[in-house]
Amino acid sequence: MGERLSETDLHRLRAALGRKRDDLLAARRANEPGERGIAEREAEAGDEAEQLIEQEAALRIGAFDATLLADVEHALARIDDGTYGTSEESGAPIPLERLEAIPWARRTAAEEQLRQRKR
């Protein structure tokens, strides 16, 4: 088994995950109909097609953000239960460098690449 994450590392990664969660929640609130609706209602009728395209894009982004938010919250729960930093697939340690880049990573980079190729 590889080296365990230090308390300092866990604290830093928990803070990064918390910031990401806050950013995603703020983006979700900003995209709620009540927030976007004022500007949209003021747009001219000729802009309807553009509005539909923007709304569709916002829905796709919202779905991605919801998935990412779930991953971030899952990582925070794994910190709490002591399983953070290990691959959910193999149990192998996830290198600190990977966790610093993608704190919500669920598996090692090699496992993720293999998973992506199989799709």
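The values are calculated or read from the model by the stated rules, or taken from the named source; none is laboratory data. These figures come from a predicted structure and were not determined experimentally. Please note: Cβ atoms are built from the backbone with ideal geometry, for glycine as well, and neighbour counts cover all protein chains shown.
If you check Ala66 against the conditions, is it loosely packed, with under 11 Cβ neighbours inside 10 Å and at pLDDT below 95?
no
For residues in segment 108-119 being buried (at least 17 other Cβ atoms within 10 Å of the Cβ) and under 17 Å from the mean Cα position of the chain (by Cα), which is nearest to Ala16 (Cα to Cα)?
This residue is Thr108.
Report yes if Ile94 is within 15 Å of the chain's Cα centre (by Cα) and more than 21 Å from Arg29 (Cα to Cα), otherwise no.
no
Suppose we keep only residues that are part of a helix (DSSP H, G or I) and free of Cβ contacts under 8 Å to residues at least 12 places away in the same chain within segment 72-87. Which one would you say is surrounded by the most Cβ atoms within 10 Å (Cβ to Cβ)?
Arg78
Within segment 88-107, which residues are within 24 Å of Arg19 (Cβ to Cβ) and assigned to a loop (DSSP other than H, G, I, E, B)?
Glu88, Ile94, Pro95, Ile102, Pro103, Trp104, Ala105, Arg106, Arg107
Where residues in segment 6-38 are hydrophobic (A, V, I, L, M, F, W, C) and at pLDDT below 95, which of them is nearest to Asp65 (Cα to Cα)?
Only one residue fits best here, namely Leu24.
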